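In what follows, a single structure is set out as structure tokens and then discussed.
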Amino acid sequence: PMFRHYMHIYLLPLSVDPASTVSGLLSIFHEQELTETIHDTDGHGYLATFVGKNGRFVVLRVHSQGLVTVDLQFYEDDDIAQLDNLLNALENKLKVLLNGNITRIKKLPALLRGAKVDRYWPTADGRLIEYDIDKVVYEEDSEYQNIKILHSQQYGNILVLDGDVNLAESDSAYTQAITGSGKENYAGKEVLILGGGDGGILAELVKQKPKMITMVEISFTDFYIDQKVIDGCKKYMRKTCGDILDNLKGDCYQILVQDCVPLLKKYVQEGRTFDYVINDLTAIPISTSPEEDSTWEFLRLILDLSIKVLHPSGKYFTQGNSANLTEALNLFEERLGRLSCPVDFRKEVVCVPSYLEQWVFYTAWKK
């Protein structure tokens, strides 16, 4: 069953007495047939819980530091208008008790718990975002991961892998940034895409008539873009990929669903090079302890192999991570300076709509 959780926050002057404030508010709860239990907080203000009909539950806390919080939880089929009246009555009563002397009032939107469709997803830097998700259009558990495509009224369909928002149909800014922001000429060029299972990069570059695009999927360590991702995207992310994923091979592209690491090593041994290498496998790890995180070792391996197969005049593109993760980004930049072949690089900060945060992209080339 789904229920709503409202939170109201009131900042009060420090001179307010918690005990008298609580006792002054009790009548409001009694009118709503809520039964209270007062809890001892060992001198840290007052805490009361209230239980009422239909499973209603309220937590009232008056902190000794001058803060009042009201948490109201109730089932979706309860009388919302009646409960709104309760919250309004509490606010009006508090204003009367304090003669209007309230420093600040903050009313947070309701959290929806137990919904069939999850709408809360974290940003890379740990902030909770509520999306306007209204349905699940695709969900599969592959051998490697959980795959969801969710529909957002604002962003269109969104690809979510193991709880991580990957790309929405509105995120053409991502595709543009990771392919050079319109400044590159791909006509007649050899291109290697690592990852890219949503098909957005491939669909964009095919328009520019390159000589050949090789897109290699991955089945290595903890990171996967597998056949079931392609199956879901070619049906439900067509605003991103068009019809490019309908066939694994075309006039100027081929999609190889295999482990990219042995293939990269094979290319290195053969001396094969590409004009562009686009790494769309995974973002820079959030952890800044490489010795404790195999993700950094994987990233170093992909970086090194990618630069080795890059033509002397070629360019390497990759996403970074949230612009707020400065430590992780700095560590990545240090690693760019420790590759087997010296490189120069530049970075670009782009607003990707469905990420709701600034995202960093890198371009590197051999010195």
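Here is the figure for segment 142-157: residues that are open to solvent by less than 10 Å² (accessible area, probe 1.4 Å) and farther than 17 Å from residue 231 by Cβ total 1. Summed over segment 141-161, residues that are of a type in the set (D, E, K, R) and closer than 19 Å to residue 241 by Cα total 1. Of all residue pairs spaced 6 or more apart or on separate chains, those with beta-carbon atoms under 6 Å, a first member in segment 243-258 that is polar (S, T, N, Q) and a second member that is in a strand (DSSP E or B) are 254/214.
Among the criteria (1) out of contact with any Ser or Thr (no Cβ under 8 Å at 6 or more places or on another chain); (2) crowded, with 16+ Cβ neighbours inside 10 Å, the one residue 355 does not fulfil is (1). Of the residues making up segment 53-77, those that are touching a residue at least 40 places away in the same chain (Cβ under 8 Å) and within 23 Å of residue 115 (Cβ to Cβ) are 55, 70, 71, 72, 73, 74, 75, 76.
Of everything listed in (1) open to solvent by 20 Å² or more (accessible area, probe 1.4 Å); (2) under 19 Å from residue 231 (Cα atoms); (3) touching a Lys or Arg at 6+ places or on another chain (Cβ under 7 Å); (4) touching a residue at least 40 places away in the same chain (Cβ under 8 Å), the single unmet condition for residue 102 is (2).
Just wondering, is there one or more residues in segment 333-340 that are in contact with an Asp or Glu (Cβ under 8 Å, 6 or more places away or on another chain), touching a residue at least 60 places away in the same chain (Cβ under 8 Å) and either surrounded by fewer than 17 Cβ atoms within 10 Å (Cβ to Cβ) or farther than 25 Å from residue 185 by Cα (or both)? Looking through segment 333-340, none of the residues is in contact with an Asp or Glu (Cβ under 8 Å, 6 or more places away or on another chain), touching a residue at least 60 places away in the same chain (Cβ under 8 Å) and either surrounded by fewer than 17 Cβ atoms within 10 Å (Cβ to Cβ) or farther than 25 Å from residue 185 by Cα (or both). A count restricted to segment 225-241 and to residues that are under 17 Å from residue 155 (Cα atoms) and assigned to a loop (DSSP other than H, G, I, E, B) stands at 1.
Being modelled with pLDDT under 95 and assigned to a loop (DSSP other than H, G, I, E, B) is the requirement here; does residue 198 meet it? Yes: the conditions hold for residue 198.
Within the span defined as segment 162-183, one or more residues are under 29 Å from residue 311 (Cα atoms), part of a loop (DSSP other than H, G, I, E, B), more than 15 Å from the chain's Cα centre (by Cα) and free of Cβ contacts under 8 Å to residues at least 60 places away in the same chain. Mind checking which residues of segment 1-53 are among the hydroxyl-bearing types (Ser, Thr, Tyr), more than 14 Å from residue 89 (Cα to Cα) and surrounded by fewer than 17 Cβ atoms within 10 Å (Cβ to Cβ)? Answer for segment 1-53, where residues must be among the hydroxyl-bearing types (Ser, Thr, Tyr), more than 14 Å from residue 89 (Cα to Cα) and surrounded by fewer than 17 Cβ atoms within 10 Å (Cβ to Cβ): 15, 20, 23, 35, 37, 41, 49.
The values are calculated or read from the model by the stated rules, or taken from the named source; none is laboratory data. Note that the structure is predicted; figures quoted are calculated from it, not measured. As a convention, Cβ positions derive from the backbone with ideal geometry for all residues, glycine included, and neighbour counts pool all protein chains shown. Ligands, DNA and RNA are excluded from the accessible area calculation, which covers all protein heavy atoms including side chains. Shrake-Rupley method; radii C 1.70, N 1.55, O 1.52, S 1.80 Å.
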